[in-house]
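As structure tokens, the structure follows; a few thoughts come after it.
Bear in mind that the values in this text are calculations on the coordinates, not laboratory data. What you are looking at is a predicted structure, and each value in this text was computed from that prediction instead of being measured. Glycine also receives a Cβ, built like all others from the backbone with ideal geometry; neighbour counts cover every protein chain displayed.
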Amino acid sequence: MSTGRRLWAYAATLPAHLLGGLAGALLAGACQLLLVLYAKPLLDNATNAAGVSVDGLVRVTISIFIFGVGISVGELAYMYLLDYVAQGVVLNMRGDLFRHLQALSLGFFEDASTGALVSRATNDLSVIQTRLNNDLAALLRQPVMIVGLLVGILVLSSWQLMAFTLLVGGAMLPVINFTSARMKLHTAQIQESLADLTAHLTESLGGIRVVQSFGASEHEIARFEADNRATRRAMMRAVRVRAVLRPLLHLISIVGLILLLVAGGWLYSQGLATMGDIGLVLASVPTLSGAFKDFGRARLAWAETMAASERVFELIDTAPDLVDAPDAVDLGAIEGRLEFRNTGFHYRTGSDVLTDIDLHIEPGQMVALVGASGSGKTTLANLVPRLYDVTAGALLIDGHDVRAVTRASLRAQIGIVPQ
């Protein structure tokens, strides 16, 4: 399933809020569209020989007020309801991520950086939370505005003016698509840089006693400054993309407005358009330009959301390397007879840590493991609650291979006092 569909699946867990927010976005967009399209009848009445109709002006004024209220109500609905949905999406994603991390083995955490994991659970989800609300509304509302304006110009005005307006909008789409692709790339780089920065902070502050004892503070400061500046460079690349988009779209809209003025004047001189037609188009172009700008901004935000979501889903999709066997059974009450039978173990990389261990421990018997640091004492103890799986031989409790019973029932009967 694609990243976008997975996000929508999370949003769909709040159907009433999602549909209400989307309905509010559509209402606000439709009312804004109708407000613009009323420019034509108003100007046509104003240029009639009989002058402006008072009754018509009253109807237009009342309609404008109604549309304004509709815009306000729609914006209130989608801003609150879609933000509620965004908060719910992040709540469930964060819960799923933490739940999945709890199911991963110690081997995974030995290879992964704690700071990088924390960064994905905080920084990446923060990006999703702050971007998702506006994305959902603008990605639906602005296309409605754009299509509605073009159809309105075609129906109420002329196909020639609609074609010119379509050219203006069409020139903006390649710019939006290009900047969105760049923003997704830069966002992924930003999140990676933030993960490195968080990892450095976690490790340095967690080991502050060692750092200060060995006089390594200046070294750690230099490392942090390097990571900090790398993060800033990544962020500035995204800032440049965001800064360029709106001015480019604005420039295209200005050029388009000039061309429409020339085309509209020529059509009017040929009797192919009225002042109302030209007024409708001129009133529509700023709104159309604004819709494309908002749509472009939403596309950039959506690209950021996709980049951050992919990093979170990458963790959620990490397959646990230590799972219960399909036919695993619950371990009943045990006596506590422990047997290491030709047991061997090695980590993912490196040579064997334990080899051909044969050890029998009877219930109630107290055993002390004595040896040099790194000789495998802790590793041997970690095999009992199946924090790791043996790589050779077997480990049995009351005659049951620990790999043949569920981990939950095994660990429920084991007590550990960490040093």
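When the convex hull of the C-alpha atoms of the chain is computed, what volume per residue in Å³ does it have?
Considering the Cα atoms of the chain, their hull volume per residue is 190 Å³.
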May I ask you to evaluate 6.51 cos²θ - 1.76 cosθ + 1.60, the Karplus curve with θ = phi - 60°, for each residue of the range 322-336 and list the ³J(HN,Hα) values in order in whole Hz, giving x for glycine and proline?
-> 9, 10, 5, 5, x, 9, 5, 10, 6, 7, x, 4, 10, 8, x
So which DSSP H runs in the chain come out at 18 Å plus along the axis (Cα) with average Kyte-Doolittle of at least 1.0?
-> 15-37, 125-156
At what distance in angstrom do the alpha carbon centres of the range 344-416 and the range 243-302 lie from each other?
-> 73 Å
For the chain, with a Gaussian network of springs between Cα atoms less than 10 Å apart, report the residue from PRO363, PRO286, PRO143 with the top mean-square fluctuation.
-> PRO363
Taking a crude spin-label model, label points 7 Å out from Cα along the C-beta direction, the VAL118 to VAL323 distance in nm is 3.0 nm
Highest GNM mean-square fluctuation among LYS184, LYS293, LYS377, for the chain with Cα springs under 10 Å, belongs to LYS377
Return a whole-number percent for the relative contact order of the chain, with Cα pairs under 8 Å and 6 or more residues apart as the contact set.
-> 20 percent
Sequence-separation-based contact order of the range 338-411, relative, with Cα cut under 8 Å and 6+ spacing, percent = 37 percent
Counting only Cα, what are the radius of gyration and maximum Cα-Cα distance Dmax of the range 338-411, in Å?
-> 12.1, 36
Looking only at VAL85, VAL239, VAL370, which one moves most when the chain is put into a Gaussian network model with springs between Cα atoms under 10 Å?
-> VAL370
Built amide H within the under 5 Å cut-off of THR406, gap 5+ = VAL329, ASP330, LEU331
What is the spin-label model distance, in nm, from HIS250 to GLU110 if the labels are put 7 Å beyond Cα along the C-beta direction?
-> 5.7 nm
Starting from the Cα-Cα distance between ILE62 and LEU91, subtract it from 0.36 nm times their residue separation and give me the gain in nm to one decimal.
-> 6.1 nm
Once both label points are put 7 Å beyond Cα along the C-beta direction, the THR406-ARG232 separation in nm becomes 5.4 nm
Can you give the calculated 222 nm mean residue ellipticity of the chain, where each DSSP H run of n ≥ 4 adds -39,500 (n - 2.57) and the sum is split over every residue, rounded to the nearest 500 deg cm²/dmol?
-> -24500 deg cm²/dmol
Among SER213, SER193, SER373, SER409, what is the fewest-to-most ranking by other Cβ atoms within 10 Å?
-> SER373, SER213, SER409, SER193
